[in-house]
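Notes follow the structure.
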Amino acid sequence: MRQAGGILVVDTRAGLIEVTREVADWVAVQAMDTGLLTVFCRHTSASLLIQENAAPAVRRDMVAYFARLAPESGDYEHDDEGPDDMPAHLRAALTQVSLSIPVSGGQMALGTWQGLYLFEHRRRPHRRELALHLVGE
């Protein structure tokens, strides 16, 4: 059994940023046939999703849904970094910051239409870090 770890840095904009290719490239370099990949978002106002990567309307609808679910408003006590601060934390809490993805045949075992996304909940661009950890052989 072997282990590998690394950090993937992603420059973001508001919304869903697909990182499937970057993570798949990292997995390929590790040269493990079978294992379990953990992807961890090291932030409190961004999150991770596995979602459809074929129809752009899915991504737009996801972003719009979370904007309705946790809207920007003056109703939040926490607004240290602006009106999108607390809604970003709520949206991250409603999604996830860690994913476990099986690796088979040296590749992530994602379904045909599945992609891995970093969900940036803040309006302004950020530089986000994803911690990657693969255990396998």
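Computed packing ranks the peptides 72-84, 113-125, 95-107 as 113-125, 95-107, 72-84, most packed first, by mean other Cβ atoms within 10 Å.
Size descriptors for the chain, from the alpha-carbon set: Rg then Dmax equal 15.9, 52 Å.
Only helices enter this figure: runs of n ≥ 4 DSSP H residues, each worth -39500 (n - 2.57), summed and divided by the residues of the chain, yield -8000 deg cm²/dmol at 222 nm to the nearest 500. When the trypsin sites (Lys or Arg not before Pro) in region 15-100 are filtered for DSSP coil states and for at most 14 other beta-carbon atoms within 10 Å of their beta-carbon, the remaining sites are 42.
Of 20, 118, 54, whose Cα points farthest to the positive end of the dipole of region 13-137 (charges on the beta-carbon: +1 Lys, Arg; -1 Asp, Glu; origin at the Cα centre)? Among 20, 118, 54, the one farthest towards the positive end of the dipole of region 13-137 is 54. Applying 1/(1 + (r/R0)^6) with R0 = 22 Å to the Cβ-Cβ distance of residue 2 and residue 110 gives a FRET efficiency near 0.50.
The figure for residue 129 is an accessible area of roughly 60 square angstrom, using a 1.4 Å probe on the protein chains alone.
The values are calculated or read from the model by the stated rules, or taken from the named source; none is laboratory data. In this text the structure is predicted, and so the values were computed from the model without any measurement. Backbone-built Cβ (ideal geometry, glycine too); neighbour counts: all protein chains shown. Surface areas here come from the heavy atoms of the whole protein model, side chains and all, with no ligands, DNA or RNA. Shrake-Rupley method; radii C 1.70, N 1.55, O 1.52, S 1.80 Å.
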